[in-house]
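Here the structure comes first, spelled out in structure tokens, and everything after it is commentary.
The values are calculated or read from the model by the stated rules, or taken from the named source; none is laboratory data. These figures come from a predicted structure and were not determined experimentally. Here the Cβ is made from the backbone with ideal geometry for all residues, glycine too, and neighbour counts use every protein chain on show.
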Ligand SMILES: [Zn+2]
């Protein structure tokens, strides 16, 4: 699932492409993906792109916003010439030409450029909402603080960690506690801070909490720096894969030697139905 760094990479990529463009057409090829009347946004101009946790928000100049959730396998791919959207590289689950079978919504702009929403698993969605009501959406209202903003201080993080008795990894992944962190970055942050993923959050000492805070910010920034991780369907706004997966320390590395050369082997366990990867000798 695309996490904070992946959605942020898409936002940054689209920001330079579609701000200022007018939507001239919306083609919905799979109705369940799209909520709202597409006629309400045709003729409106893109003002700004924002991100909240793993959700992308496109603000329009008619007081409406598009709320886009990629869920497991959504893709948002821009092409400057929609009539010949041929890519020099294959897009996962779509191929080199768009629209593909997995293309469910097509936004065309007045300069003939196009934004494709693809989703092989079809759990993602595009929703039209009044801009003033975005923050009140149930999916958004419940989010905890954004880790890459000033509100997410070490003190705030400590408060979040210490009030929870559940395993620390699950706290990191709880969107109501911290927004945007999913399985990949939770695994990587715990490895970097040498904390066992099953430790109960409220048993971490001050030093461990500070290390985990720093590690979390570090891996999220790394994810953005490398354009996100493309172990599955994720691609950036130009349909290109990110390279964060080449920098994973433990995620998906069960049976491999610990990257810290401690002599240990990366182990996989399951927590809340998700794979947890860690080094039993480094992470206590
Ligand atoms: Zn180790």
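Brief remarks follow.
- Residue that is farthest from residue 46 (Cα to Cα), among those in segment 80-115 that are out of contact with any strand residue (DSSP E or B) (no Cβ under 8 Å at 6 or more places or on another chain) and outside any loop (DSSP other than H, G, I, E, B): 95
- Residue list for segment 251-281, filter: surrounded by 21 or more Cβ atoms within 10 Å (Cβ to Cβ) and within 9 Å of the ligand (Cβ to nearest atom): 258, 266, 278, 279
- Scan of segment 48-79 for residues that are outside any strand (DSSP E or B) and in contact with a helix residue (DSSP H, G or I) (Cβ under 8 Å, 6 or more places away or on another chain), ordered by number: 53, 54, 62, 63, 70
- If the condition is being modelled with pLDDT of 95 or more and in a loop (DSSP other than H, G, I, E, B), then segment 264-284 contributes 264, 266, 272, 273, 279, 280, 281, 282, 283.
- Every test in (1) touching a strand residue (DSSP E or B) at 6+ places or on another chain (Cβ under 9 Å); (2) within 28 Å of residue 173 (Cα to Cα) is passed by residue 53 save one, and that test is (1).
- Note on segment 235-250: among residues that are within 17 Å of residue 190 (Cα to Cα) and either touching a helix residue (DSSP H, G or I) at 6+ places or on another chain (Cβ under 8 Å) or assigned to a loop (DSSP other than H, G, I, E, B) (or both), the one that is farthest from the ligand (Cβ to nearest atom) is 244.
Quick grid of which residues meet (1) assigned by TED's automatic domain parsing to the domain that holds residue 78; (2) out of contact with any strand residue (DSSP E or B) (no Cβ under 7 Å at 6 or more places or on another chain):
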position	(1), (2)
125	yes, no
148	no, yes
161	no, yes
174	no, yes
187	no, no
219	no, yes
229	no, yes
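- Any hit, segment 197-209, residues being closer than 19 Å to residue 147 by Cβ, within 16 Å of the ligand (Cβ to nearest atom) and in contact (Cβ under 8 Å) with a residue 40 or more places away in the chain: yes
- In the set (1) touching a residue at least 40 places away in the same chain (Cβ under 8 Å); (2) away from the ligand (no atom under 16 Å from the Cβ), the condition left unmet by residue 214 is number (1).
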